1. For the chain, modelled as a Gaussian network with Cα springs under 10 Å, which listed residue fluctuates most, D192, D240, D75?
2. For the chain, what does the helix formula give at 222 nm: sum of -39500 (n - 2.57) over DSSP H segments with n ≥ 4, over the residue count, nearest 500 deg cm²/dmol?
3. Over segment 252-372, what is the mean sequence separation of C-alpha contacts under 8 Å (at least six apart), divided by residue count, expressed as relative contact order in percent?
4. What do you reckon, how do R17, R191 stack up by accessible area (1.4 Å probe), largest on top?
5. For the pair K345 and N133, how long in nm is the line joining their label points, each one 7 Å along Cα→Cβ?
6. By DSSP, what percent of the beta bridges with both residues in the chain are antiparallel, rounded to the nearest 5?
7. Please give the peptides 112-118, 275-281 ranked by average Cβ packing (other Cβ atoms within 10 Å per residue), highest first, as a rough proxy for protection.
8. Would you work out which of A100, L87, G71 lies farthest towards the positive end of the dipole of segment 49-105, given +1 charges on the beta-carbon of Lys and Arg and -1 on that of Asp and Glu, about the Cα centre?
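The values are calculated or read from the model by the stated rules, or taken from the named source; none is laboratory data. Only a predicted model underlies this, so the values are computations on that prediction, with no experimental measurement involved. Don't worry about glycine lacking a Cβ; one is built from the backbone with ideal geometry, like all the others, and counts go over all protein chains shown. These area figures cover heavy atoms from the full protein model, side chains too; ligands, DNA and RNA do not enter into them. Shrake-Rupley method; radii C 1.70, N 1.55, O 1.52, S 1.80 Å.
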Amino acid sequence: MTDPIKIANCSGFYGDRLSAAREMVEGGPIDALTGDWLAELTMLILARTQAKRPGGGYARTFVKQMEQVMGTCLDEGIKVVSNAGGLDPDHCAEAVAEVADTLGLSPTIAYVDGDNILPRLDELRQAGIEIINFETGEPVTETDHISANAYLGCWGIVEALNAGADIVVTGRTTDAAIVCGPAAWHHGWARDDWDQLAGAVAAGHVIECGTQATGGNYSFFTEIPGLDRPGFPIAEVAADGSSVITKHPGTGGAVTVGTVTSQLLYEIGAPAYLGPDVTSRFDTIRLHQEGPDRVRMSGVQGEPPPSTLKVSMNRWGGFRSDVNLAITGLDIEEKAALIEAAFWKAVPVGPDDFASVSTRVVRSDHDDPETNEAATAAWR
């Protein structure tokens with residue numbers, strides 16, 4: 001039995017706290033530093049960046065964080081795994097290498113690609129492979145997409161770590177894969193160790209959104225101290241796939257059965273949590289408060305993954321325009337109706353000339369207001 005691997009998170013989204021990597025590296029002993037940068041919206045943001053600056057479709061904040069902690073990570077043997085590569089993991093790895101050169105360091109840097117299927121859409125269709133819209137069950141329409149990325153799992157990360165990488169940069173992986181990868185590498189799991197993989201995926205799901213696990217996603221947040229600057233979470237993943245969710249001592253927030261439960265339920269549908277590595281049965285998870293800021297998660301059962309992969313696609317959405325007019329005083333609804341009639345009489349087209357039109361009155365006004373702002377509603 002190998003010792004648990006202590007995996008620390010330092011980012012829940014593109015633009016998260018820039019100092020978090022340093023806080024996790026310097027706040028106590030860890031074995032791996034991970035971070036999630038790739039919300040679905042981020043893929044669109046990076047696609048727009050890439051269109052303006054070819055090769056620039058990655059999270060530059062990750063590169064900045066590497067400048068802050070790379071030396072310490074190498075000295076202490078801390079592996080770094082991040083999906084900050086976005087649409088250009090190779091260029092992100094090059095940027096990290098440039099930082100290393102500037103610092104006089106020589107890390108082994110790997111990147112994982114293969115998720116980008118945008119150049120292969122025609123090839124896949126010609127081979128009879130349709131990309132299905134999971135909401136409608138119909139094939140995705142052939143249009144000018146600007147990104148199309150399959151959600152990869154942990155095994156490319158495992159290969160990179162087995163090859164001696166100190167820093168692994170990926171493109172689009174599942175959020176949990178960046179935690180599952182170091183755990184599977186450290187413990188030497190096989191691809192069909194379903195229960196172990198499911199446990200690591202559950203741990204990854206808990207910590208991948210950063211401080212949401214330490215109180216930031218908790219309805220009873222008033223019971224949690226220090227949420228003005230909560231600490232980022234850590235998962236201590238054991239060889240059997242069980243884990244302890246914790247954080248560095250002295251940091252804000254808390255790790256309780258409540259905060260972990262809230263995060264486990266975040267963005268979850270069916271109890272069978274589908275992923276490219278394993279189907280994790282979230283209805284088998286057991287939580288126990290092991291001590292202050294230490295929650296043990298155990299019993300997670302896994303099943304084989306589905307035969308298909310999820311794909312995130314973006315396309316140009318055309319043009320959208322918003323009109324907002326302020327309304328004050330009495331008879332707000334009647335004034336809004338008059339404004340709407342005047343608007344359509346003034347423009348040379350009607351509502352049917354647009355793909356969609358929505359109108360609403362936002363009642364942000366108050367009776368007997370003390371300020372102009374409190375007196376104002378809006379027709380939108």
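1. D75
2. Values: 10 runs with 114 residues, N = 380.
Helices in the chain give a 222 nm mean residue ellipticity of -9000 deg cm²/dmol.
3. Numbers: 89 pairs, mean separation 20.6, N = 121.
Here the relative contact order equals 17 percent.
4. Values: R17 50, R191 140 Å².
Result of the area sort, largest leading: R191, R17.
5. Taking the simple label geometry, K345 and N133 are separated by 3.9 nm.
6. Details: 35 of 51 bridges.
That works out to approximately 70 percent antiparallel.
7. Values: 112-118: 18.9, 275-281: 25.1.
Output ranking for 112-118, 275-281: 275-281, 112-118.
8. Result: L87, furthest along the dipole toward the positive end.
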